[in-house]
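Everything below concerns the one structure shown next.
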Amino acid sequence: MRSHKVIEVRNLTSSTYIIKMEKNEFSFKTGQYITLGFSSSIDRREYSIYSSENSNFLEVLIKEVDNGLVSKKLRRCKVGDYLDVDGPFGHFSLEESEIKKKKFLFIATGTGISPIHSFVETHPGMDYQVLHGVRLQEEAYEKESYGNGKYILCTSGEKTGDFHGRVTEYLIKNPIPSDTICYLCGNCHMIYEAYDILEKQGISLGPVHTEVYF
Ligand SMILES: Cc1cc2nc3c(=O)[nH]c(=O)nc-3n(C[C@H](O)[C@H](O)[C@H](O)COP(=O)(O)OP(=O)(O)OC[C@H]3O[C@@H](n4cnc5c(N)ncnc54)[C@H](O)[C@@H]3O)c2cc1C
């Protein structure tokens, strides 16, 4: 367990924020997650790392959950506070040998975009498309981080995105080439449903990588 100093808290919406911390000697593989909490409390939760493997800071993207314990507490952290970080954990990572050769489809719901952001910031030259499912346009967190035409926003709660509906509906209407490597991150309902759709479309299951948040 290490203590990391908070250097910025960036509010993206009324419920979503980014905590930027000093990186110190911490190293990780893009796509991995940490556990985070206040030193004064035993409560910890998992958060994917949002920043690049190569940055000299560490960032996480957090959405406050209704009645949630840690996501609400962390919102109150201030520049200069210290947070306990453990990790890195997880195997939601890119295959080094595929990064320059393959075409990737990154499918995320809500803050599930966090490890995808880290992938893209770490390897900006990759051939990728991001499919991001949210309710409202305002949840298109820092979409300017993705290359021109590489980010498709699916909004289910209003007709303001590139596609009106869920990412799973988009996938049904827009089948992908069978040699695409897919990464899915976010809530389990989307992941199970998208997995079935991709399987039916002939994407072999080997190249499908998943990270379930809740
Ligand atoms: C590997 C991994 C990576 C994760 N990465 C991120 C991340 O990058 N950003 C992020 O915001 N969260 C992430 N999460 C979710 C995070 O760990 C917490 O579960 C979330 O912040 C809620 O914690 P809490 O203490 O506020 O709520 P709790 O007090 O633990 O839970 C309150 C209620 O909210 C439900 N709940 C939990 N998470 C969500 C959610 N995301 N949306 C709606 N309801 C939920 C719980 O099932 C419970 O019923 C990740 C989870 C895992 C397993």
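Within the same chain, aspartates and glutamates fewer than 8 places from residue 102 are excluded, and of the rest, those with a Cα less than 15 Å from its Cα are 127, 179.
For residue 66 and residue 102, a Förster radius of 25 Å and the Cβ-Cβ distance give a FRET efficiency of 0.05, rounded to the nearest 0.05. Here the relative contact order of segment 2-89, from alpha carbon pairs under 8 Å that lie six or more residues apart, stands at 40 percent. Each label point was placed 7 Å from the Cα along the Cα-to-Cβ direction; for residue 39 and residue 201 their separation is 4.8 nm. Based on the alpha-carbon gyration tensor of segment 2-89 and its eigenvalue square roots a ≥ b ≥ c, which shape applies: rounded if a/c is under 1.5, prolate if not and a/b is larger than b/c, or oblate? Taking the square roots of the gyration eigenvalues as a ≥ b ≥ c, segment 2-89 is rounded.
Among the listed pairs 101/159; 63/200; 20/101; 150/200, those with a Cα-Cα distance over 26 Å are 101/159; 63/200; 20/101. Of all DSSP bridge pairs formed entirely within the chain, close to 50 percent run antiparallel. Angle of helix 188-200 to the longest C-alpha principal axis of the chain, folded into 0 to 90 degrees and rounded to 10: 30°. A simple count of charges around residue 191, restricted to other residues whose Cβ falls under 14 Å of its Cβ and scoring Lys, Arg +1 and Asp, Glu -1, yields -3. Shown here for segment 94-167: GluC sites (Glu not before Pro) in loop regions (DSSP other than H, G, I, E, B) with at most 16 other Cβ atoms within 10 Å, namely 95, 96, 98, 142, 158. Taking 7 Å steps out from each Cα toward its Cβ at residue 164 and residue 138 produces label points 2.0 nm apart.
Electrostatic tally near residue 76: other residues with Cβ closer than 14 Å to its Cβ, Lys and Arg +1, Asp and Glu -1, net +1. Estimated purely from DSSP H runs of n ≥ 4, each contributing -39500 (n - 2.57), the mean residue ellipticity at 222 nm for the chain is -4500 deg cm²/dmol once divided by its residues.
Just so you know, all these numbers are worked out from the coordinates, no wet-lab data involved. Keep in mind the model is a prediction, meaning the values are calculated, not measured. Note that each Cβ is placed from the backbone with ideal geometry, even for glycine, and that neighbours are counted across all protein chains shown.
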